[in-house]
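Visitor: Take this structure first; my questions come after.
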Amino acid sequence: MTSAPFEGQDDVVLPFAVEPLDVRGRIVRLGASVDTILSRHAYPAAVSRVLGEAAALTVLLGSSLKFEGRFQLQTKTDGPIEMIVVDFDAPDRLRAMARFDKEKLDALGTGTLKTGDLVGSGYLAMTIDQGSDRSRYQGVVALEGQDFQEAAHQYFRQSEQIPTQVRLAVAEQFEDGRHTYRAGGLMIQFLPSSPDRLRQADLDPGDIPEGHPSHDLVAPSEDDAWVEAKSLMATVADHELVDPAVSSERLLYRLFHERGVRVFEGLSVHEECRCSRTRIMSMMRRFSAEDRRDMVGDNGRIGITCEFCSEFYDLDPADVEAEIAKAEESA
């Protein structure tokens, strides 16, 4: 196993390859970045856990972008967590937020809650945006009580048709007198040179007896290398993905040392919102003059709080109208 920069550090995505198995993958450890996001909003623990999983999945997928674009994961559902939005602005910026219904959340009680119970039914959209309408791609997965791991598997089966396995984990720990959050994720993909080896057994043959000519057409056997890779990944425990004492390199070595694993240069990730007064003014221009007047509060000001970073923008309505008029004149 080769070493790489950022060894043992948090907030790093580490690409790797297990060439004898034709497997490539990425492992991510999020520390301060995800803790800043979750602690800032003081979400209930169940909401923080689910949003942390979504953040880890977004970084796993978004860090594969080869251009300075945006990968966005968004859910809209009927569950207690009504909406999740996670943005990964390549190459390294992460932000995330969630909206939840407190009454629905309280009704579930305080027991162990699965991600599917908290998210419910709706959809998960994954969007790749290179900055123009023509370079925008979106894949949508129906959410019907499954967790984000299974939703990711479904996405790759129907959109990318690449055999993929994902593991996600979130942990809350007590550190320096306060609770902090960590998140981790591991993804492997089977990328053989021969397309014939990519067949996936995702259809049950039902009552068709083995040996019947149509049996293998309905349920093709998976490649031995991919079966081995999946079996190794199934041994990963949640705590190994978030334990600061178990580095990404150490975990990859434990899993794949018999086959040989090659680690590539790591990519650091940090929390950063892209809101600004300029972006707020651009948003304000999309509202009508009447709508902008309705935004004025009792104090005679327009107050806007960013849902991602909680930054508060205190705007003078007269300044807003003057800037919009100036922008329209120069357009």
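The values are calculated or read from the model by the stated rules, or taken from the named source; none is laboratory data. Bear in mind the structure is a predicted one, so any value in this text is a computation, not a measurement. Every residue, glycine as well, gets a Cβ built from its backbone with ideal geometry; the counts of neighbours run over all protein chains shown.
Visitor: Any chance you could count how many residues in region 108-118 are in contact (Cβ under 8 Å) with a residue 12 or more places away in the chain and among the small types (Gly, Ala, Ser)?
Guide: 1
Visitor: Separate question: Give the residues of region 302-326 that are over 36 Å from the mean Cα position of the chain (by Cα) and in contact (Cβ under 8 Å) with a residue 12 or more places away in the chain, sorted by residue number.
Guide: Result: Asp316, Pro317, Glu321, Glu323.
Visitor: Scan region 161-181 for residues that are touching a helix residue (DSSP H, G or I) at 6+ places or on another chain (Cβ under 7 Å) and part of a strand (DSSP E or B) and jot them down.
Guide: Scanning region 161-181 gives Thr164, Gln165, Val166, Arg167, Leu168, Ala169, Val170, Ala171, Glu172, Thr180, Tyr181.
Visitor: On to the next question. Identify all residues within region 93-121 that are surrounded by 15 or more Cβ atoms within 10 Å (Cβ to Cβ), over 13 Å from the mean Cα position of the chain (by Cα) and farther than 16 Å from Glu144 by Cβ; write none if there are none.
Guide: If the condition is that a residue be surrounded by 15 or more Cβ atoms within 10 Å (Cβ to Cβ), over 13 Å from the mean Cα position of the chain (by Cα) and farther than 16 Å from Glu144 by Cβ, then Phe100, Lys104, Leu105, Leu113 are the ones that fit.
Visitor: Being touching a helix residue (DSSP H, G or I) at 6+ places or on another chain (Cβ under 7 Å) and within 24 Å of Leu113 (Cα to Cα) narrows it down to one residue among Leu21, Leu14, Leu51; which is it?
Guide: Testing whether each residue is touching a helix residue (DSSP H, G or I) at 6+ places or on another chain (Cβ under 7 Å) and within 24 Å of Leu113 (Cα to Cα) leaves just Leu51.
Visitor: Would you check which residues across region 291-327 are in contact with a Pro (Cβ under 9 Å, 6 or more places away or on another chain) and not in a loop (DSSP other than H, G, I, E, B) and list them?
Guide: Within region 291-327, Arg292, Arg293, Ile302 meet the criteria.
Visitor: Quick check on this structure: which one of Glu271, Glu265 is over 11 Å from Asp10 (Cα atoms) and at pLDDT below 95?
Guide: Checking each option against the conditions leaves just Glu265.
Visitor: Being part of a strand (DSSP E or B) and in contact with a Gly (Cβ under 9 Å, 6 or more places away or on another chain) is the filter; apply it to region 137-160 and report the residue that is surrounded by the most Cβ atoms within 10 Å (Cβ to Cβ).
Guide: Leu143
Visitor: Could you run through region 228-266 and say how many residues are assigned to a strand (DSSP E or B) and either out of contact with any Leu (no Cβ under 8 Å at 6 or more places or on another chain) or among the charged types (D, E, K, R) (or both)?
Guide: Residues that pass the stated criteria total 1.
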